[in-house]
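Asker: My questions will all concern the structure given below.
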Amino acid sequence: MSPNTTIRSISRTVPANAALLRAVQKKDMRAVCRALDQGANPNTRNGHGVPCFFAAAKRECWAILSVLITAGAQVNYLGKWGWGTCTKTVLHLAAFYGRADVIEQILDAKKMDVNARCGFGRTALHEAAAGNSYPAVRALLDHGADPLLASDPSCPDGPNYLPIKAIDKGRPGAHDVKTALSWAKRDRLGDEA
């Protein structure tokens, strides 16, 4: 490869990366695809160091996130989300919002560990249970999520906080989520006995 080829490819990639960041910000799927076709990196970071795929998840742009994952986004990034200083992965965000389709895509592509922990030691299973999302809980359990993994002592919900305790009993779906987690916990304990 000649030095001119490298300079040409870099000069095309930098504007494509900027275009990708703008497209994610504007939630513009066509522009995202166009930027990727022009060589944009799906792991491009904004001025604050946040990857565009994480920004897409924070903005609940699940279709864009799906395209970025397919394009090679490294989704194991831990980024700030919500109140305080807690860091989460896109798997945590997809679980919290009940996006079983995104969970399946991330885990089927072997992009990250199903039991990855956030800054407070909570897993995606904690987040899915907190969101009362049976499809998300089921997807995580089907991929080997451990219902017995407790949070870290630093968790504001308390130390040794299990996913089953995260269920919001006042919201729809609580019964189905509790049943799924209870059976998974029972199966896991039976395996360890």
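Asker: Which one of Val177, Val14, Val32 has the biggest mean-square fluctuation once the chain is modelled by GNM with Cα springs under 10 Å?
Answerer: The residue that fluctuates most here is Val14.
Asker: Taking amide hydrogens as modeled 1.01 Å from N in the peptide plane, which residues meet the under 5 Å criterion relative to Ala109, leaving out close sequence neighbours?
Answerer: none
Asker: Stretched out fully, how many nm does the piece from Asn76 to Val50 gain, at 0.36 nm a residue minus the Cα gap?
Answerer: Details: separation 26, 0.36 × 26 = 9.36 nm, distance 1.24 nm.
That pair, Asn76 and Val50, stretches by 8.1 nm at full extension.
Asker: Can you give the Rg and Dmax of the stretch 99-150 based on its C-alpha atoms, in angstrom?
Answerer: 10.0, 26
Asker: Hey, could you get me the Stokes-Einstein D for the stretch 69-136, Kirkwood radius over alpha-carbon pairs, 20 °C and 1.002 mPa s, rounded to whole µm² s⁻¹? Walk me through the numbers on the way to the answer.
Answerer: Numbers: Rh = 11.8 Å.
Roughly 181 µm²/s, to the nearest whole number.
Asker: List the extent of the Cα atoms of the stretch 54-193 along each of their three principal axes, largest first, rounded to whole Å.
Answerer: 42, 30, 30
Asker: Using amide H atoms built 1.01 Å from N in the peptide plane, name the residues 5+ places from Thr87, or on other chains, whose amide H lies under 5 Å from its own.
Answerer: Amide H neighbours of Thr87: Gly119, Phe120.
Asker: Per DSSP H run of at least 4 residues, take -39500 (n - 2.57); add these up for the chain, divide by its residues and hand me the 222 nm value, nearest 500 deg cm²/dmol. Kindly include the intermediate steps, with their values, before the conclusion.
Answerer: Values: 9 runs with 100 residues, N = 193.
Calculated mean residue ellipticity at 222 nm is -15500 deg cm²/dmol.
Asker: Of Arg59, Arg138, Arg99, which is the most mobile in a GNM of the chain whose springs link Cα atoms less than 10 angstrom apart?
Answerer: Arg59
Asker: Provide the per-residue ³J(HN,Hα) series for the stretch 23-36, in order, calculated from phi with Karplus coefficients 6.51, -1.76, 1.60 and θ = phi - 60°, each as a whole number of Hz, with x at glycine and proline positions.
Answerer: With coefficients 6.51, -1.76 and 1.60, one gets 5, 5, 4, 8, 6, 9, 4, 4, 5, 4, 4, 4, 5, 5 Hz.
Asker: OK, next. I want to check the label-to-label distance for Lys27 and Asp168. Put each point 7 Å from Cα in the C-beta direction and report it in nm to one decimal.
Answerer: Label-label distance for Lys27 and Asp168, simple model: 2.0 nm.
Just so you know, all these numbers are worked out from the coordinates, no wet-lab data involved. This one's a predicted model, so the numbers in the text were calculated from it and none came from an experiment. So basically every Cβ, Gly included, is an ideal-geometry build from the backbone, and we count neighbours across all protein chains shown.
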